[in-house]
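Worksheet for the structure shown next.
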Amino acid sequence: MSRFRHLISIDDLSKDDIEHILKKTDDFLEAAMGRERPRILEGRILVNLFFEPSTRTRMSFESAMKRLGGEVINLGSVEASSVAKGESLADTVRVVSGYGDCIVIRHYREGSARFASMVSEVPVINAGDGAGQHPTQTLLDLYTIRKEVGLRGLKIALVGDLKYSRTVHSLIKALTHFKAEILLVSPEALRLPEELRENGRFAECSLDYAVENADVLYVTRIQKERFPDEDEYRKVAGSYRITARMVRDSDVLIMHPLPRVDEIAYDVDSLPNAIYFRQAFYGVPVRMAILSEVML
Ligand code: NCD
């Protein structure tokens, strides 16, 4: 019996649901590395509907589905699909929900995944809706934190674009379940929206303070594509840059949903603090857990 049919917002999950997925992820680690071959989704088809660029999310969903014995079909490029002829999202979703057993959707409009779930015949998973939510990223972020430092008593600093990053917006909601202390580091223009500051322990601080005091720095890319105009973006581009010199003598762990642009220097990659590539790998077992939850 599935605990949820669709996965649209992290808010749709209770703390117990989140812990259930994290525990289930442990069971898929070997399979994610190709060392076990549980063909539990054999005969099922996943439909990938990506209206925005993606590397990790789309490909880790594909890898997860295939490693569980399932198949994947893709919308492909938006220009090559009927969307380019003016087809509505509702029609596209309604039709492709007849072509598979689950839809993964990423769209530039906030609320689009929720809307898709209302017209789809099969479960819908939100892979990012504008500046809204990115719940599967949050589950893999939580999994990474749990594995690397533990979620209890966590002090985490969110760094960069706190206004537009959907990964931050999702993660914050989940962190309130675990009573984390949250430090906020951002340019003035990219502060965390007020409505996301309810029910949490938040404090604004400098990057130096965060490096010294947090267990984890969760660094984000400035979300250029969400800015109403390019000039506004230019004013804040390059505001923060983590370098090896800044973190070498600290125990702070560095996470990033990726892709990075220039906010983490390449010389950080070889330090033990850098865990963002492991974090990206955990996307596979976490998505195996999610896919099996909604399809079995
Ligand atoms: C993120 C996204 O799409 O929100 N990428 C991802 O899924 N790992 C982060 C980003 O694009 O900055």
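The values are calculated or read from the model by the stated rules, or taken from the named source; none is laboratory data. Here the structure is a predicted model, which means the values were calculated and not measured. Every residue, glycine as well, gets a Cβ built from its backbone with ideal geometry; the counts of neighbours run over all protein chains shown. Ligands, DNA and RNA are stripped out before the accessible areas are found, and what is left, the full protein with its side chains, is counted by its heavy atoms. Shrake-Rupley method; radii C 1.70, N 1.55, O 1.52, S 1.80 Å.
Conditions tested, residue by residue: (1) more than 22 Å from the chain's Cα centre (by Cα); (2) farther than 19 Å from residue 294 by Cα; (3) more than 16 Å from the ligand (Cβ to nearest atom).
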{"site": "36", "(1), (2), (3)": "yes, yes, yes"}
{"site": "44", "(1), (2), (3)": "yes, no, yes"}
{"site": "61", "(1), (2), (3)": "no, no, no"}
{"site": "87", "(1), (2), (3)": "yes, yes, yes"}
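How many residues, within segment 1-25, are free of Cβ contacts under 8 Å to residues at least 60 places away in the same chain and either surrounded by 19 or more Cβ atoms within 10 Å (Cβ to Cβ) or farther than 19 Å from residue 170 by Cα (or both)?
Residues in segment 1-25 being free of Cβ contacts under 8 Å to residues at least 60 places away in the same chain and either surrounded by 19 or more Cβ atoms within 10 Å (Cβ to Cβ) or farther than 19 Å from residue 170 by Cα (or both): 2 in total.
Among the residues of segment 94-136, count how many are part of a helix (DSSP H, G or I), over 20 Å from residue 82 (Cα atoms) and in contact with a Leu (Cβ under 8 Å, 6 or more places away or on another chain).
The qualifying residues number 2.
Among the residues of segment 133-172, write down those that are more than 10 Å from the ligand (Cβ to nearest atom), within 12 Å of the chain's Cα centre (by Cα) and open to solvent by 10 Å² or more (accessible area, probe 1.4 Å).
Scanning segment 133-172 gives no hits.
Does at least one position in segment 41-56 carry a residue that is over 19 Å from residue 104 (Cβ atoms) and acidic (Asp, Glu)?
No, segment 41-56 contains no residue that is over 19 Å from residue 104 (Cβ atoms) and acidic (Asp, Glu).
Within segment 60-83, can you find the residues that are hydroxyl-bearing (Ser, Thr, Tyr) and assigned to a loop (DSSP other than H, G, I, E, B)?
Result: 77, 81.
What pairs can you find where one residue is in segment 187-198 and within 16 Å of residue 166 (Cα to Cα) and assigned by TED's automatic domain parsing to the domain that holds residue 263, the other is open to solvent by 30 Å² or more (accessible area, probe 1.4 Å) and of a type in the set (Ser, Thr, Tyr), and their Cβ atoms are less than 9 Å apart, with a gap of 6+ or different chains?
190/164; 190/239
Of all the helices (runs of 4 or more DSSP H) wholly in segment 217-296, which have at least 3 residues that are open to solvent by 40 Å² or more (accessible area, probe 1.4 Å) and without any contact (Cβ under 8 Å) to a residue 24 or more places away in the chain?
Once the helices (runs of 4 or more DSSP H) in segment 217-296 are filtered for at least 3 residues that are open to solvent by 40 Å² or more (accessible area, probe 1.4 Å) and without any contact (Cβ under 8 Å) to a residue 24 or more places away in the chain, what remains is 230-236.
Take the conditions on the phi > 0 side of the Ramachandran plot and of a type outside the set (A, V, I, L, M, F, W, C) and apply them to residue 199. Does it pass?
Yes, satisfied.
Looking at (1) within 16 Å of the ligand (Cβ to nearest atom); (2) open to solvent by 20 Å² or more (accessible area, probe 1.4 Å); (3) in contact with a Leu (Cβ under 6 Å, 6 or more places away or on another chain), which one does residue 178 not meet, given that it meets all the others?
The failed condition is (1).
Checking the structure you have, find out if any residue of segment 184-194 is out of contact with any Lys or Arg (no Cβ under 8 Å at 6 or more places or on another chain) and either open to solvent by 50 Å² or more (accessible area, probe 1.4 Å) or on the phi > 0 side of the Ramachandran plot (or both).
yes
In segment 92-115, what residues are more than 16 Å from the ligand (Cβ to nearest atom) and free of Cβ contacts under 8 Å to residues at least 60 places away in the same chain?
Those that are more than 16 Å from the ligand (Cβ to nearest atom) and free of Cβ contacts under 8 Å to residues at least 60 places away in the same chain: 92, 93, 94, 95, 96, 97, 98, 99, 100, 103, 115.
Within segment 51-109, how many residues turn out to be within 21 Å of residue 32 (Cβ to Cβ), open to solvent by 20 Å² or more (accessible area, probe 1.4 Å) and hydrophobic (A, V, I, L, M, F, W, C)?
Summing the residues that are within 21 Å of residue 32 (Cβ to Cβ), open to solvent by 20 Å² or more (accessible area, probe 1.4 Å) and hydrophobic (A, V, I, L, M, F, W, C) in segment 51-109 gives 2.
Taking segment 199-211 as the region of interest, how many residues are free of Cβ contacts under 8 Å to residues at least 40 places away in the same chain and either open to solvent by less than 60 Å² (accessible area, probe 1.4 Å) or closer than 23 Å to residue 274 by Cβ (or both)?
Going through segment 199-211 one residue at a time, the tally reaches 6.
Return the only residue of 28, 61, 50 being more than 25 Å from residue 148 (Cα to Cα), in the same structural domain as residue 95 (by TED's automatic domain parsing) and at pLDDT 95 or above.
The conditions single out 50.
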